[in-house]
Amino acid sequence: MPVWVELVLRVLAVVAAFLTLPLLIGQTEHKVMAHMQGRLGPMYAGAFHGWAQLIADGVKFVQKEDVTPREADRPVFRLAPVVALLPYLVVLLVIPLGPSGLVAQPLDIGLFFVLSVVGVGVVSVLMAAWASANKYALLGGLRAAAQLLGYELPFVLAAASVAMAAGTLSLPGIVEAWRPWWLLWQFPAMVIFFVAGLAEIRRPPFDMPIADSELVFGYMTEYTGLRFAFFVLAEYVGILVIGALTTVLFLGGWKGPFGLDAELGWLWTLIKVAAVSFVIIWFRVAYPRLREDQLQRLCWLVLVPLALAQLVLTVAVKVAL
Amino acid sequence: MTTADLLLVALGAVAVGAGVLVVSTRHIVRAGLWLVVNLLAVAGCYLVLAAELVAWVQVLLYVGAVVVLLLFAVMLTRAPIGASDDLDRPRWPGALIGGGAGLGLAALFVSGYRWSRVDLPSPGTATALGEQIFTAWVLPFEVVGVLLLAALIGAIVVSRPDIGSR
């Protein structure tokens, strides 16, 4: 197979995953939330338990009028949803699905790449918030910036811990080095990474920037139609990315409880990603939104010291072994 | 010209263009956004030069943190939409100093290297960089660490009136 054919195939596979998995997660969220709250959720679209609800939503979004407020900064306003979506698409390129190179683009420093690209997402929030020329949007954007700047720190520190344990920055390399007892050793880092990841993608209970009961809809207030759909899609892709990263870094990626990793590795990865995504949805139903000061307090007084302690623990065990 | 050369020139042009827009645009927040474009283009240059780690550190720190902090501060204080005509910018001194420094450096490099070919060193992988830092450059690394720690503590003392000088 020529190089470019393989490259195109890999990119196409990633784009396919990018277009289907977030919709799957969105549908799961509709149904899981509904059942946890004693409702049925979507039941009509597509006849069987409303499986086509999100497709119907997509069609509806396309038909809506695309409004740009008169006072808005047009080019920035229009660009922001794309900037929100693009980093997550790029991140999916380096997430390994299975052993022996079942990854779109293996990178020597994949972990660093992922952390830096995920960090770009906050620029889109600021762009959307400011360009909307709306007080609620601006407040939401400022909250988002404060939140993301803070939570970036425990996020990176927790990832650094597992990179130190594995002795490599390559994502397949980390899965390769992973052992089941790391579940215990790296447990605090996993919790920190997961919580900070939730804050990074602004999911409840960390949805202060959106906070629909106080800020209308935060930085997305002025968006309509397809551009709004882009933001919603970015949220679902965010769940996918955080789920996949937690899986790869802390849950052993393609490694299963019994052999057959070479054949079933991709399935293990997908099952683990689905499980983590389910927990993310569960969090939304289970916990109320944090207040702004509680949010910052949790980050700086709990997560950052814990992450530093975990780093010390990682070094101690690593040196002792 | 190889593909790498072409890419480098293109990214360099983007970086310079965005850089000029940063200082010449009348929209304050857009200046910050152009800075993002500029920094990303410079990161792209690093990538072409096979310094992967430096490139992603640039994106993580500068785009993900420094520019965001900058935009955050601008939006907290004064960030009107549309052009601000009352910005006081020392245009000519600025252009003179910036252009002069750029041209001077370019002239220095051209006279220093002429058209001699310099082979790229081995790619700046994380392993190679780590080995260098923790063997040949340990002392500078530690000194920088202490310096940053001092700056951190200094910032805390300055920003908290209850523990500063009374």
Looking across region A:116-147 at residues that are more than 7 Å from chain B (Cβ to nearest Cβ) and in a loop (DSSP other than H, G, I, E, B), the single one that is farthest from A:Ser170 (Cα to Cα) is A:Asn134
Over region A:62-115, the set of residues within 14 Å of another protein chain (Cβ to nearest Cβ), touching a Pro at 6+ places or on another chain (Cβ under 8 Å) and either within 16 Å of B:Val63 (Cβ to Cβ) or in a loop (DSSP other than H, G, I, E, B) (or both) is A:Val94, A:Pro106
Per the list (1) surrounded by 16 or more Cβ atoms within 10 Å (Cβ to Cβ); (2) within 22 Å of the chain's Cα centre (by Cα), residue check on A:Gln310 breaks on (2)
Residue hits (region B:22-44; without any contact (Cβ under 8 Å) to a residue 40 or more places away in the chain, over 16 Å from B:Trp56 (Cα atoms) and within 13 Å of chain A (Cβ to nearest Cβ)) are B:Thr25, B:Arg30, B:Ala31, B:Leu33, B:Trp34, B:Leu35
Listed by first then second residue, the pairs whose first member lies in region B:62-78 and is more than 16 Å from A:Leu115 (Cβ to Cβ) and at the interface with another protein chain (Cβ under 7 Å from one of its Cβ atoms), whose partner is assigned to a helix (DSSP H, G or I) and of a type in the set (Lys, Arg), with beta carbons under 7 Å and at least 6 positions apart or on separate chains, are none
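Matching residues to (1) among the hydrophobic types (A, V, I, L, M, F, W, C); (2) farther than 28 Å from A:Leu149 by Cα:
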| site | (1), (2) |
| --- | --- |
| B:Leu71 | yes, no |
| B:Ala106 | yes, yes |
| B:Phe109 | yes, yes |
| B:Arg117 | no, yes |
| B:Ala136 | yes, yes |
| B:Leu139 | yes, yes |
| B:Val146 | yes, no |
Q: For B:Ala83, indicate whether it is over 28 Å from A:Leu153 (Cα atoms), within 14 Å of chain A (Cβ to nearest Cβ) and hydrophobic (A, V, I, L, M, F, W, C).
A: yes
Looking across region A:160-172 at residues that are surrounded by 19 or more Cβ atoms within 10 Å (Cβ to Cβ) and within 11 Å of chain B (Cβ to nearest Cβ), the single one that is farthest from the chain's Cα centre (by Cα) is A:Thr168
Flagged in region A:144-159 as in contact (Cβ under 8 Å) with a residue 40 or more places away in the chain and surrounded by fewer than 24 Cβ atoms within 10 Å (Cβ to Cβ), in numbering order, are A:Ala146, A:Gly150, A:Glu152, A:Leu153, A:Val156, A:Leu157
The helices (runs of 4 or more DSSP H) lying entirely within region B:91-166 that contain at least 2 residues which are within 14 Å of chain A (Cβ to nearest Cβ), among the small types (Gly, Ala, Ser) and surrounded by 10 or more Cβ atoms within 10 Å (Cβ to Cβ) are B:126-135
Of the residues in region A:174-200, those that are crowded, with 23+ Cβ neighbours inside 10 Å and part of a loop (DSSP other than H, G, I, E, B) number 1
The residue that is nearest to A:Ala160 (Cα to Cα), considering only those in region B:55-70 that are of a type in the set (A, V, I, L, M) and out of contact with any Leu (no Cβ under 8 Å at 6 or more places or on another chain), is B:Val57
Taking the condition part of a loop (DSSP other than H, G, I, E, B) and either over 30 Å from A:Phe113 (Cα atoms) or under 22 Å from the mean Cα position of the chain (by Cα) (or both), does B:Leu87 pass?
yes
Across (1) free of Cβ contacts under 8 Å to residues at least 40 places away in the same chain; (2) under 23 Å from A:Lys318 (Cα atoms); (3) of a type outside the set (D, E, K, R), A:Phe258 clears everything bar (2)
Residue set B:Gly124, B:Gly102, B:Gly98; condition in contact with an Asp or Glu (Cβ under 8 Å, 6 or more places away or on another chain) and modelled with pLDDT under 90; output residue B:Gly124
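The values are calculated or read from the model by the stated rules, or taken from the named source; none is laboratory data. If you're wondering where the values come from, they're calculated on a predicted model, not measured in any experiment. Glycine also receives a Cβ, built like all others from the backbone with ideal geometry; neighbour counts cover every protein chain displayed.
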